[in-house]
Amino acid sequence: MYINNVGSIAQALFAHDNPAYNDAESSTWQAAQVSVLSLMNCLGRVLIGIVADAAKSRMHVPRSFCLLLVPILFGLANLLLMMIDDVQHLWTASGFIGLAYGCWFGLLPTIVIEWFGLGV
């Protein structure tokens, strides 16, 4: 839901109590949020792979235990988002949400293959 609306959220926060609203600057803030979200999504996919492999090989627990981390990240991101009232701080929520989505979509294919196999 956030990914679909991050541009509108950035625009609304930029316009809030801003008498000098500028469409060009608003677009810059929107693009910055999408960039932060995308970069953190990529980082989340890499990090969860490292964490899940370390959990399996060093701690001898299944990778599915790492699924507990993802809702925690989503929860923290949503709590952070509720406290943001300025567009200059929106990048933190975008970063956490991007990280959580990256972890989720990086971990799930591995767990599905681990549980159900490749089917080849």
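The values are calculated or read from the model by the stated rules, or taken from the named source; none is laboratory data. Computed from a predicted structure; not experimentally measured. FYI the Cβ positions are ideal-geometry reconstructions off the backbone, even for glycines, and counts take in every protein chain you see. Please note that ligands, DNA and RNA were not included when accessible areas were found on the heavy atoms of the full protein model with its side chains. Shrake-Rupley method; radii C 1.70, N 1.55, O 1.52, S 1.80 Å.
Overview of values
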quantity: FRET efficiency for Asp86 and Leu118, using Cβ-Cβ distance with R0 set to 35 Å, rounded to 0.05; calculated: 0.15
quantity: Volume per residue that the Cα convex hull of the range 1-109 spans, once the total is divided by residue count, Å³; calculated: 85 Å³
quantity: Dipole axis of the chain (+1 Lys, Arg; -1 Asp, Glu on Cβ), positive-most option in Asn4, Phe74, Gly106; calculated: Gly106
quantity: Length-normalised contact order of the range 63-120 in % [C-alpha pairs under 8 Å, at least 6 apart]; calculated: 42 percent
quantity: Listed residues Arg58, Arg63 arranged by accessible area, highest first, probe 1.4 Å; calculated: Arg58, Arg63
quantity: Spacing of the two label points (7 Å from each Cα toward its C-beta) at Met1 and Leu67, in nm; calculated: 2.2 nm
quantity: Listed residues His16, His89, His60, most fluctuating in the chain (Gaussian network, C-alpha, under 10 Å); calculated: His60
quantity: For the range 37-94: rounded, prolate or oblate by the Cα gyration tensor [a/c cutoff 1.5]; calculated: prolate
quantity: Charged-residue dipole, Cβ positions (Lys, Arg, Asp, Glu), the chain about Cα centre, Debye nearest 20; calculated: 680 debye
